[in-house]
Amino acid sequence: MNMLAIGVGGLLVAGGAYLSFVQKKKTEGKITELKFMRPLSLAEFSDTWKSLADEGLGDSFRDMVATHGKAETDGELKAPYSETPCAYFEATVIREFEKEERKRDEDGNMRVTTRRSSETISSRKSPSPLYIADGDVRVAVDMDGASLYLRDGEDRFEPFDSKKTYSFFGVQFTAPASGGTLGFRYKESIIPLGHPLYVVGEGRKSGGALRIGKPSEAGKPFIVSTRSAEEVIENLKGSAKGTFYLGIALMVIGAAVAAFMH
């Protein structure tokens with residue numbers, strides 16, 4: 001009996017079961033919470049905190065909030081590739097290359113195939129703080145740990161020029177001696193300046209100001225989105241369905257591996 005096949009099959013079945021039932025249930029829990037969470041304007045959110053602060057309870061204020069506003073930041077921020085005015089960006093440089101793979105066929109002959117691949121060689125996130133604003137109320141958003149729904153920015157490919165010196169975000173790039181570099185893909189995702197934002201997270205006082213950040217209770221949603229609440233919920237529904245079917249597929253494959261490769 002092939003114990004390795006049984007072990008691999010068992011791991012696939014276990015992983016599939018986790019995706020189909022545990023992970024799907026977690027996602028569905030977030031969907032339910034978002035559906036029944038009452039949206040709060042930034043003015044209402046700020047007034048609630050001020051009322052508690054007047055009673056000496058402002059420092060201990062922590063509450064889940066879903067709110068809307070417009071994206072702002074400090075100073076003038078532009079996306080690095082498109083130079084679009086924005087409140088937040090994530091930019092990456094991806095090296096696309098070809099590499100040879102050598103394999104012996106069934107007759108013992110060496111076969112050489114060329115495979116195209118890619119790797120991220122540099123990335124950067126905007127250093128400026130993000131705010132959600134409405135009227136004269138502006139609240140900082142601590143981005144760490146958030147599920148982000150960003151807008152697509154620049155996405156372009158530049159062929160590699162061996163005579164050119166490349167530097168990405170201040171770090172010089174040296175092409176691998178093995179060669180094969182086809183070029184670089186520059187991609188960015190952004191929150192345009194002034195774009196409507198939907199934010200769900202934990203409101204609290206931090207650094208002397210009101211902020212929204214990652215909930216202290218595990219499993220609670222933390223979302224920063226350029227899409228509407230309805231679009232986020234539909235996206236999560238699709239994710240839950242995809243996770244379920246992927247899990248089922250893994251369980252079927254795992255059972256087949258364990259049954260037919262022993």
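Kindly evaluate GLY179 against the criterion of being exposed (fewer than 13 other Cβ atoms within 10 Å of the Cβ) and either touching a Phe, Trp or Tyr at 6+ places or on another chain (Cβ under 8 Å) or touching a residue at least 40 places away in the same chain (Cβ under 8 Å) (or both). Considered against the rule, which asks whether it is exposed (fewer than 13 other Cβ atoms within 10 Å of the Cβ) and either touching a Phe, Trp or Tyr at 6+ places or on another chain (Cβ under 8 Å) or touching a residue at least 40 places away in the same chain (Cβ under 8 Å) (or both), GLY179 comes out as no.
Suppose we keep only residues that are surrounded by 10 or more Cβ atoms within 10 Å (Cβ to Cβ) and of a type in the set (D, E, K, R) within segment 134-151. Which one would you say is farthest from SER41 (Cα to Cα)? This residue is ARG151.
Conditions tested, residue by residue: (1) exposed (fewer than 15 other Cβ atoms within 10 Å of the Cβ); (2) at pLDDT below 70; (3) touching a Ser or Thr at 6+ places or on another chain (Cβ under 7 Å); (4) not aromatic (Phe, Trp, Tyr).
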| site | (1), (2), (3), (4) |
| --- | --- |
| LEU4 | yes, yes, no, yes |
| ALA14 | yes, no, no, yes |
| GLN23 | no, no, yes, yes |
| ILE31 | no, no, no, yes |
| LYS35 | yes, no, no, yes |
| ALA43 | yes, no, no, yes |
| ASP47 | yes, no, no, yes |
| LYS50 | yes, no, no, yes |
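Checking each residue in segment 192-218 for being within 15 Å of MET37 (Cα to Cα) and either within 16 Å of the chain's Cα centre (by Cα) or among the aromatic types (Phe, Trp, Tyr) (or both) picks out TYR198, VAL199, VAL200, GLY201.
Determine whether VAL200 is in contact with a Pro (Cβ under 6 Å, 6 or more places away or on another chain) and β-branched (Val, Ile, Thr). In short, yes.
Applying a threshold of 7 Å to beta carbon distances and a minimum spacing of six or more residues, or different chains, the list of pairs starting in segment 237-255 at a residue that is under 9 Å from LYS24 (Cβ atoms) and surrounded by 15 or more Cβ atoms within 10 Å (Cβ to Cβ) and ending at one that is at pLDDT below 75 and basic (Lys, Arg) reads ALA240/LYS24; THR243/LYS24; PHE244/LYS24.
The values are calculated or read from the model by the stated rules, or taken from the named source; none is laboratory data. Treat the numbers as computed from the prediction; the structure is a model and nothing was measured. In this analysis, Cβ positions are derived from the backbone assuming ideal geometry, glycine residues included, and neighbour counts consider all displayed protein chains.
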